[in-house]
Amino acid sequence: MSSEPIEIRRKRLRFRAWHRGMRESDLLMGGFADAHVDGFSDQQLDRFEALLEMADADLYDWYVGRAPVPPDYDHDVMALLKAFRVVSPSLN
């Protein structure tokens, strides 16, 4: 658990989620962070931060169901991520 104020921590995690290095991961993790981080408890923020430490390829495989989620990462935050859908803007 972090000792920084929760709002600063949420901002930092949101930034990390949007700056992973691969645009697809940025959209998935950043959009997810925007949708959920403000409502996360300290413990959920811990679990989300652990997910941010994982490789993009692993997260994507878990997200699409190509690979099973390891027990250490099979928790409420991962379930929310797996249920999350990125909505693309209209191309009009």
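The values are calculated or read from the model by the stated rules, or taken from the named source; none is laboratory data. Just so you know, these numbers come straight off a predicted model, no measurement behind them. So basically every Cβ, Gly included, is an ideal-geometry build from the backbone, and we count neighbours across all protein chains shown.
Summary of values
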{"item": "Some residue of the range 48-65 being closer than 21 Å to Glu4 by Cβ and of a type in the set (D, E, K, R)", "result": "yes"}
{"item": "Residue match in the range 64-72 (condition: at pLDDT 95 or above, part of a helix (DSSP H, G or I) and within 14 Å of the chain's Cα centre (by Cα))", "result": "no"}
{"item": "Count - residues of the range 8-33 that are in a helix (DSSP H, G or I) and either at pLDDT below 95 or within 17 Å of Lys82 (Cβ to Cβ) (or both)", "result": "12"}
{"item": "Condition check for Asp46: on the phi < 0 side of the Ramachandran plot, charged (D, E, K, R), out of contact with any strand residue (DSSP E or B) (no Cβ under 7 Å at 6 or more places or on another chain) and exposed (fewer than 12 other Cβ atoms within 10 Å of the Cβ)", "result": "no"}
